[in-house]
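The structure appears below as structure tokens.
The values are calculated or read from the model by the stated rules, or taken from the named source; none is laboratory data. These numbers were taken from a predicted model, which means no experiment stands behind them. Don't worry about glycine lacking a Cβ; one is built from the backbone with ideal geometry, like all the others, and counts go over all protein chains shown.
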Amino acid sequence: MKKVFLFCSLIMLCPVLLRAQSNDEVLAKAGDKTVTKEEFLERFEMTPWPRAPKKVTPEDLKKDFLYTLAAEKLWAAKAHEMGLDTSKAIKMAFSSLEKMYVRDALWQVEIKQKTVIPESEEAKGYLRTRFAYKTDYLISGSEEAIKQMYDSLRSGSSFDTMLKKNGSKGPDTLTVSYGMMEEAVEDEIYNLMVGQYTPPVFTPNGWCIFRLRDIVELRQNPKDQEKVAQLVKKITNERATARVYQQFFRNFFSSQKVTVDSKIFKKLADNLVRLAKEKKDTDSIPDSSSITLQPPDILRLEEAFSPEVLKTNFVQFEKNPVSLKQFIEEFAMEGFSTLAPEARGVYSIFNRVVRKYIENEMLTREAFKRGLQNLPEVKKSLDMWKDNYLSQLLRSTFKDSSDVSEAEALQYYHKMQQGSTGSASVKIVEVLTDSLEVAEKVLDAIKKDTDIHELARMYSKREDAKRTGGETDFFSVNEGEIGHIAANMAIGDIYGPLKLPEGYSIFKVIGKKEDSTHIDKPFSELKESIKKELSTEKAYNSAVKYTVKLAAEYGLKIDEKALESTQVINIPMFTFRYMGFGGKLPAVPLSAPFFDWVSPWMEYKSDLP
């Protein structure tokens, strides 16, 4: 039976706490780094995790996951000792994350804690769920034009006559149910009597005048009461939150004015157009697909300015203005997307980006002024992410230093000819994307049984995905993190998202075979792919050995009794966290399975006197 090692996508606007009480019991300790029961539970229950096709007990799964986290802490401890936490890459990534978390803490204080839902709102919601309002409407993209229509109606013009004239501009009937419109628009419609019409109201589709044609009472099955209650709770909470937010927004931003250097803005926008055109041409991006600039692309903006200009103030806050260099570095962490490399469109998008940056910076400064960065839940989350970042950074140095000689590649080629490499192979279908938003769409579509080949054609950034549907040839299980994970999956299983240097990977295993390689290509054609496979395997084996060394160096201790008593929800889940005031990220850091170091570590310990 197919297993899907993902579960999408819980919306979270509050600190991620799965248990009512904080549980600081330590399950693993390495130097001054620990894995508490609380962190273990959060990450175990919010991380997709492959369940091996062989019989594995729930206790084995818990151990494998804890060993993976323990390895992360070991590598983080070493990275900190080596001073990698002061590197530019970590500082840039961590600064962006810290600002997001302190803004979220400000949201908790100013929005969430002040949001109150009156009982009358819930009562109104329950009443409205019982009825659907059938309407027809006049529509215009112009506020002035819709006001003229309204004046004509009030002067005695026939709604039906005007509807016939207006109908060619789009659909002119709509059945409105509770929660589908903005609250103000819904109020206008639900307050109508049959035959009456609303004043002009703004909707996402344009300016409208709605006329009520009929009210239909909806039959509600008693079995649906819980769904209705959840709907009312969701909508009333969203609307109450929106009212508090709008009030806060007006009060907070109305008295503050921040400008940017207009000449620098224009030059930045012009160069974004240039970079977008280059990206489109280099990656052969079709007109129907968006162009996404990644951090390395955006950092190239610095090349367009002299060192002196990079030091000048671009965002002109009265206190602590933001230099052009700082802005580019922080902008790079967010990425940039446009449908077309046209100046007008890029200017418009970039203008919104800069405006949002200024708003976020103002909120961040307010949060820091209040000391919200010192809240225990903020520090705990940031420490968890920082350990993950540091671990990844140190692990990447092993990948960079695992060179393979031509002699090693040739020796492996001869083993392949003999079918004696000892390496199993897998075949997968993969969707690779840079975007969490796209990853979310893919996960939702997979849950609805959409063919992953079609999803790869639609969303994967791999150049040949449209031709192959994301399907790979057979490759060794020793080839990268995907190979190691796929080795423990059955045919038909799906895993993801897996965070890779090149993006987020979601893949399905469609084939597996043992070492039965038949080689019909010369060494010259296979040399580079063999070197890549051996380099990856060498880096992985080096990482295993290094983890054993670190476990000894930092005196790793695992409390297996405490782990055994830890009750988990054994359902693989991937969860997004939507941050207050905007922003989205995985609810917890994603860690690929890494526990092959445990057996040699156990052997090492048993050999000690």
task = Filter the helices (runs of 4 or more DSSP H) completely within region 304-410 down to those with at least 2 residues that are in contact (Cβ under 8 Å) with a residue 40 or more places away in the chain.
result = 324-334, 343-369, 376-400
message = I'm checking my understanding of the structure. Among residues of region 223-272 that are aliphatic (A, V, I, L, M) and more than 30 Å from residue 316 (Cα to Cα), which one is surrounded by the fewest Cβ atoms within 10 Å (Cβ to Cβ)?
response = 229
Flag if residue 443 is buried (at least 23 other Cβ atoms within 10 Å of the Cβ) and out of contact with any Lys or Arg (no Cβ under 8 Å at 6 or more places or on another chain) = yes
message = Anything in region 71-109 that is over 17 Å from residue 389 (Cβ atoms) and either without any contact (Cβ under 8 Å) to a residue 60 or more places away in the chain or hydrophobic (A, V, I, L, M, F, W, C) (or both)? List them, or say none.
response = 102, 105, 106, 107, 109
inquiry  = Condition check: surrounded by 18 or more Cβ atoms within 10 Å (Cβ to Cβ) and either among the β-branched types (Val, Ile, Thr) or under 35 Å from the mean Cα position of the chain (by Cα) (or both). Does residue 545 satisfy that?
reply    = no
request  = Output yes when any residue across region 322-330 is more than 25 Å from the chain's Cα centre (by Cα), among the hydroxyl-bearing types (Ser, Thr, Tyr), outside the structural domain of residue 434 (by TED's automatic domain parsing) and more than 30 Å from residue 458 (Cβ to Cβ), and no when none is.
outcome  = yes
key: Positions within region 456-492 being hydroxyl-bearing (Ser, Thr, Tyr) and under 23 Å from residue 593 (Cα atoms), in sequence order   = 472, 476
message = Considering only region 229-241, I want to know if a residue exists there that is hydroxyl-bearing (Ser, Thr, Tyr), under 25 Å from residue 581 (Cα atoms) and part of a helix (DSSP H, G or I).
response = yes
remark   = residue 112 vs (1) surrounded by fewer than 14 Cβ atoms within 10 Å (Cβ to Cβ); (2) in contact (Cβ under 8 Å) with a residue 12 or more places away in the chain: all pass except (1)
ask   = Do we find a residue being among the charged types (D, E, K, R), modelled with pLDDT under 95, surrounded by fewer than 19 Cβ atoms within 10 Å (Cβ to Cβ) and in a strand (DSSP E or B) anywhere in region 511-529?
value = yes
key: Residue list for region 76-97, restricted to those being hydrophobic (A, V, I, L, M, F, W, C) and in contact with a strand residue (DSSP E or B) (Cβ under 9 Å, 6 or more places away or on another chain)   = 76, 77, 97
ask   = Is one or more of the residues making up region 493-509 modelled with pLDDT under 85 and under 29 Å from residue 595 (Cβ atoms)?
value = yes
query = So residue 605 fits all but one of (1) basic (Lys, Arg); (2) assigned by TED's automatic domain parsing to the domain that holds residue 417; (3) exposed (fewer than 14 other Cβ atoms within 10 Å of the Cβ); what number is the exception?
reply = (2)
ask   = How many of the residues making up region 295-315 are touching an Asp or Glu at 6+ places or on another chain (Cβ under 6 Å) and surrounded by fewer than 16 Cβ atoms within 10 Å (Cβ to Cβ)?
value = 0
